[in-house]
Amino acid sequence: MLFVLFAITLLYGIILTQTGLEFLVVLIMAFVIFILSCFLTLQVMIDENYLRVKFTCGIFKKRFLLKDIVSAKKVKNHWYYGWGIRLWMWPYMWVYNVSGFNAIEITTKNNKIYRIGTDEPDKLEQAILQSIQQAK
């Protein structure tokens, strides 16, 4: 995501030097850069009651009640699942990811599936499994 943000910013800089500073164009470019920068990092936190997922500045976040999580397992995301927040229709699931392909797939009591990207799938899987056991 950092590379994409850098490339877009560089491209916008080149476009602006060629076309000039038009207010609406600069505003749209700034908005796109802001949205991209919101997806630079992904924090996963576990407390007594919740598994929380938060992107860089906290605008985009999700929390899961630990008592509602039925399972957690390591998975590999396909490259076409992309990065950011995605809703996939087949299989029907939400994907939260910023880079790489490693993820933890959690299933909730109402059979909803979520994939959370991580650089440390073994540690995150173990932490979630331990936390849902303690929450029961």
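The values are calculated or read from the model by the stated rules, or taken from the named source; none is laboratory data. Owing to the predicted nature of the structure, the values given are computational and were not obtained by experimental measurement. FYI the Cβ positions are ideal-geometry reconstructions off the backbone, even for glycines, and counts take in every protein chain you see.
Tell me, yes or no, whether the range 27-39 has at least one residue that is modelled with pLDDT of 90 or more, more than 20 Å from Leu124 (Cβ to Cβ), touching a Phe, Trp or Tyr at 6+ places or on another chain (Cβ under 9 Å) and not in a helix (DSSP H, G or I). Within the range 27-39, one or more residues are modelled with pLDDT of 90 or more, more than 20 Å from Leu124 (Cβ to Cβ), touching a Phe, Trp or Tyr at 6+ places or on another chain (Cβ under 9 Å) and not in a helix (DSSP H, G or I). Output the residue which, of all residues in the range 33-47 that are in contact with a helix residue (DSSP H, G or I) (Cβ under 7 Å, 6 or more places away or on another chain) and over 30 Å from Gln134 (Cα atoms), is surrounded by the most Cβ atoms within 10 Å (Cβ to Cβ). Checking each candidate, the answer is Leu36.
With respect to the conditions (1) touching a helix residue (DSSP H, G or I) at 6+ places or on another chain (Cβ under 7 Å); (2) under 18 Å from Arg86 (Cα atoms); (3) not in a strand (DSSP E or B), Tyr12 falls short on a single one, namely (2). Taking the range 112-136, which residues are acidic (Asp, Glu) and in contact (Cβ under 8 Å) with a residue 24 or more places away in the chain? Result: Asp122, Glu125. The single condition among (1) crowded, with 16+ Cβ neighbours inside 10 Å; (2) modelled with pLDDT of 90 or more; (3) over 16 Å from Trp94 (Cα atoms) that Lys67 does not satisfy is (1). Before we move on, is Asn102 crowded, with 16+ Cβ neighbours inside 10 Å and in contact (Cβ under 8 Å) with a residue 40 or more places away in the chain? Answer is no for this residue.
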